[in-house]
1. Return the total of residues in the stretch 120-134 being touching a helix residue (DSSP H, G or I) at 6+ places or on another chain (Cβ under 8 Å) and without any contact (Cβ under 8 Å) to a residue 60 or more places away in the chain.
2. State all residues of the stretch 73-88 that are part of a loop (DSSP other than H, G, I, E, B) and within 14 Å of the ligand (Cβ to nearest atom); if no residue qualifies, say none.
3. State all residues of the stretch 296-307 that are assigned to a loop (DSSP other than H, G, I, E, B) and at negative phi; if no residue qualifies, say none.
4. Of all residues in the stretch 106-140, how many are within 16 Å of residue 96 (Cα to Cα) and in a loop (DSSP other than H, G, I, E, B)?
5. Considering only residues that are touching a residue at least 60 places away in the same chain (Cβ under 8 Å) and in contact with a strand residue (DSSP E or B) (Cβ under 7 Å, 6 or more places away or on another chain), look in the stretch 273-292 and name the one that is farthest from residue 36 (Cα to Cα).
6. Looking at (1) touching a helix residue (DSSP H, G or I) at 6+ places or on another chain (Cβ under 8 Å); (2) free of Cβ contacts under 8 Å to residues at least 60 places away in the same chain; (3) farther than 21 Å from residue 77 by Cα; (4) surrounded by fewer than 21 Cβ atoms within 10 Å (Cβ to Cβ), which is the one condition that is false for residue 270?
7. Across the stretch 141-161, what is the number of residues that are assigned to a helix (DSSP H, G or I) and free of Cβ contacts under 8 Å to residues at least 60 places away in the same chain?
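The values are calculated or read from the model by the stated rules, or taken from the named source; none is laboratory data. Computed from a prediction, not measured in an experiment: that's the story for all the values here. All Cβ positions, glycine included, derive from the backbone under ideal geometry; neighbour counts span all protein chains shown.
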Ligand code: HOC
C-alpha cells in the first residue's frame, strides 16, 4: 500500500509489479550491461559526511535560487519521456504533484502529453523548464522554443548526450508496440519493432554542435543549460560559449556505457571553476541515481545548484498516481530536513565541501559494481 512506501526504492518495487512489461522495460533499462546505471547509485555511497555539532538547527531552510528563480527546494523533476506508459494522465500528474510541493518541473520534448496540456496544468507561480531534443528541422525546434518561452518556461535545457540512442537491450527485447502517446516533433517513419526508445528518437539531430549555441541564444531569452555534460573541459567550454548552466548527467545510464556518474564529474568540475573564479558564471546541476536526501545533500555540499530526479517519480506515479508522487516528494523533503539537522547545516548556503569526505569517490575506478550487489540486472527475467 501507499502508506507502506517509506522511501523512493519502495515505489520502484511496486511499479515493477504493477506496470506493463513493456513500460517497465522502457523506464528501467540502461545501456549495455547497465554498469553506469548502477554506478550512478554506487558513487553516492563512496562519499561520507563530516557533520558539525552544536549548530542551531531548530529552523531548517531548504530554499534556494535556480536560474534566477527563487525555489523552495533544490531538487527538481527532470525530463523523462513517455509518461503515459506509467499512468493514463501522463506528465500532468508530475505537474500537479510539483505544484503541491513547490518543486520545479522540467517538461520533456518526448512527453506523452502535449506541451500545452503540461503548461495548462501549471498553477500559480509554479516554475517549469523545457528539455529540448534538437530536431533535424530547426524550424520545428525554433517553434518549440519560442512557444515554451511565450508560455512562461523559465529555462531551456538542451540535451547534448544523445546524438544516437544508447543500446538498451531490455527495452529492445520487449518489442514495444504502442507508444500510448502524443509524441511531439517525431517523424512519421517510426519503427516500433526495436523498443520504445528507438521508436521515438529518429528525428534527433546528430549534427548538433557548439556552433549551434549562438543560434539558440539568438532565438530565446530563457537561460540556456546544456544537459548531459560529462567532463570539466566541456563545462569550461560552456562558460566560454555563454551558457547559463550545465547538467552533469549521463542520461540515467541510458546512453554511453561506463560513462562516469554525475556526482563524480561534479567533484572534478567545481574545484576547476573555483580555481578560475568562475563558479558564479555558470550554474551546475546534476542528476542520476538520486534516491535519498543524503544524495541530494552530498551534491549540494560539492557545489551543485540543483539536483534532478527522474525515474523515482515515474515509478511513484506508475504505482500510485498523484498520491504516489505526492508522498515520494514529501518523503524526500522530510529526509532532507532531518539530514540537514543531523549534518549541522540549517540552510542550503551552509552546505559546503568541508562537510564531506570524498576520498573514496576520488580514488579512481577499480572496476564495475557487480550487478547482484544492488539487485539490478541487465537481463531482466520479467521482460522476455
Ligand atoms: C538519440 C535519441 O530520453 C530516453 C529518452 C529518449 C532518448 C532519445 C535519444 O529513452 O532516454
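1. 7
2. 78, 79, 80, 81, 82, 86
3. The initial filter retains those residues of the stretch 296-307 that are assigned to a loop (DSSP other than H, G, I, E, B), namely 303-305.
Once the filter is applied, which keeps residues that are assigned to a loop (DSSP other than H, G, I, E, B) and at negative phi, the stretch 296-307 yields 304, 305.
4. So the count comes out to 12.
5. Step one: of the stretch 273-292, the residues touching a residue at least 60 places away in the same chain (Cβ under 8 Å) are 283, 285, 287-292.
Pick out the ones that are also in contact with a strand residue (DSSP E or B) (Cβ under 7 Å, 6 or more places away or on another chain) and you get 283, 285, 287, 290.
Details: 283: 24, 285: 18, 287: 13, 290: 13 Å.
For the stretch 273-292, the residue satisfying everything is 283.
6. Of everything listed in (1) touching a helix residue (DSSP H, G or I) at 6+ places or on another chain (Cβ under 8 Å); (2) free of Cβ contacts under 8 Å to residues at least 60 places away in the same chain; (3) farther than 21 Å from residue 77 by Cα; (4) surrounded by fewer than 21 Cβ atoms within 10 Å (Cβ to Cβ), residue 270 misses just condition (2).
7. 5
Rundown of residues vs (1) over 30 Å from residue 265 (Cα atoms); (2) not in a helix (DSSP H, G or I), yes/no style:
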site: 26; (1), (2): no, no
site: 33; (1), (2): no, yes
site: 38; (1), (2): no, no
site: 42; (1), (2): no, no
site: 58; (1), (2): yes, yes
